[in-house]
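The values are calculated or read from the model by the stated rules, or taken from the named source; none is laboratory data. Since we're looking at a predicted model, the values are computed, not measured. Positions of Cβ are generated from backbone atoms using ideal geometry, with glycine treated the same way; all protein chains shown enter the neighbour counts. For the accessible areas, the whole protein counts, side chains as well, though only heavy atoms, and no ligand, DNA or RNA atoms are used. Shrake-Rupley method; radii C 1.70, N 1.55, O 1.52, S 1.80 Å.
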Amino acid sequence: MSLQKTIINLLLKLPDPILVSMAGGTPVVRDGRTLDARFQFIAHSVTKRSPPPELTKEFARQGTEVLTVLFGGPLEPGVSCQDRTLELEGRTIAARSYRPSNQNPQAPLMVFYHFGGGVVGSLETCHAFCSILAKAIGCPVLSVDYRLAPENPWPAGLDDAIDSFLWARDHAQEFGAPAGVAAVGGDSMGGNFSAIIAQEMQRRELPQPFLQLLIYPATTILETEGSMQSCADAYPLTADIMAWFMANYLPNPSLGEDLRVSPALAPSLAGLAPAVVITAGHDPLRDQGKAYAEALEAADVKVHYQCYDSLAHGFTAYTGGVAQADRACREIAGVAARAYRAMGG
């Protein structure tokens, strides 16, 4: 695998025109947005096999981990990490903490949830990005390895996310952070969990998260228009793969109207925590992420929204192979750091 990673990284250093010529010959353009040449090359390399293998949870999970090894970045210098076990009521959850050498004792802990449609992904999936966040913000980050479907369908993973957030807030001082407060963040399904957590705290009349960091979040499974159509064949998240995820995560489709599945359906977003909402141009979830940011802003929630037009879904896991993904992740961490500082964290 290390030799394969070396060869791929050398190829990805080739100029854009050469990479495009090796990956179909013409740039991939959707909705007026041109896909990054490195993402185009990776997509072409991964999807050129025909016929595609049967999509099983074992194949999808193994593939996610292999891609993470091949394209993920290293632990950020100046950040230490430690695997942990969270003791929750009736169960334990694996987690990993990140502590930067420049930690600000006033900066609240951030709890982070990885992508994967509720079916794939692990602590490794967001390993590099969590360390980037920790260093840029100067805060500890706790990455949570929630239960996955189909072995544990909805709401098991969400329950783990909510309960781990409450645990982290109560144990924040163990990480050198202020007591009784925590930020929440995640990408894709992790962004879905993070948005739901903010709403759930409001429903329970508990304090809001310090900040919501929602990266290409899934906010409703009911949307079928816009980018859900124009990016239906985009790598790595296609309409068929999303349908497969939901068939495993949410066996009863009628539950799609539940606010703990589709937070965008909430009648009001007023009073929720400040939010940073990020989307990718080549992503079926692009439009619903933008719509959620606009709905938050309309409800007088302080929001920073940005779309990375040339990138694809899942780009936080490609910081070692796609230079623009790495730059985007560092920019996002910088935005979160400025939000922290503006709120005294």
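Here the range 59-189 carries DSSP beta bridges of which approximately 60% are antiparallel, counting only pairs with both residues inside.
Beta bridges from DSSP with both residues in the chain: antiparallel share about 40 percent, rounded to the nearest 5. Applied to the range 270-279, the Karplus parametrisation 6.51 cos²θ - 1.76 cosθ + 1.60 on θ = phi - 60° returns per-residue 3J(HN,Hα) values of 5, x, 7, 5, x, 9, 10, 10, 10, 10 Hz, with x for Gly and Pro.
Projecting the Cα atoms of ALA60, GLY73, HIS44 onto the charge dipole of the range 39-88, computed from C-beta unit charges around the Cα centre, puts HIS44 farthest toward the positive end.
If you run the Gaussian network model on the chain, springs between alpha carbon atoms under 10 Å, then out of THR64, THR316, THR224 the most flexible one is THR224.
Note on THR47 and LEU206: their simple-model spin labels are 4.0 nm apart, each label 7 Å out from Cα toward Cβ. Sparse packing (at most 16 other Cβ atoms within 10 Å of the Cβ) combined with a DSSP loop state is found for the following trypsin sites (Lys or Arg not before Pro) in the range 243-345: LYS302. Evaluate E = 1/(1 + (r/R0)^6) for ASP16 and GLU331, where r is the Cβ-Cβ distance and R0 equals 22 Å; express this FRET efficiency to the nearest 0.05. It comes to 0.60. For the options HIS313, HIS171, HIS282, a Gaussian network treatment of the chain with springs between C-alpha atoms closer than 10 Å singles out HIS171 as fluctuating the most. Other residues lying with their Cβ under 11 Å from the Cβ of LEU259 contribute a combined charge of -1, Lys and Arg counting +1, Asp and Glu -1. Segment ALA247..GLU294, full-extension length gain: 14.0 nm, with 0.36 nm per residue of separation and the alpha-carbon distance subtracted. Heavy atoms of the protein chains alone define the surface here; on that basis the chain has 40 Å² accessible area per residue at 1.4 Å probe size.
The share of accessible area on the range 244-298 that comes from carbon and sulfur is 58 percent, using a 1.4 angstrom probe. The longest part of the chain holding none of the exposed loop GluC sites (Glu not before Pro), meaning those outside H, G, I, E and B in DSSP with at most 10 other Cβ atoms within 10 Å, is 226-345. For the chain, a crude dipole built from +1 on the beta carbon of Lys and Arg and -1 on the beta carbon of Asp and Glu, taken about the Cα centre, is about 900 debye to the nearest 20. Taking other residues whose beta carbon is less than 11 angstrom from the beta carbon of LYS290, and scoring Lys, Arg as +1 and Asp, Glu as -1, yields -3. Distance between the 7 Å Cα→Cβ label points at LEU88 and THR6: 4.2 nm.
Per-residue ellipticity at 222 nm from helix content only, as computed over the chain with -39500 (n - 2.57) for each DSSP H run of at least four residues, stands at -12000 deg cm²/dmol.
Please give the FRET efficiency for MET343 paired with VAL69, using the beta carbon to beta carbon distance and R0 = 25 Å, rounded to the nearest 0.05.
The pair MET343/VAL69 has a calculated efficiency of 0.10.
Projected label points at ASN152 and LEU55, each 7 Å from Cα along the beta carbon direction, are separated by 2.3 nanometres.
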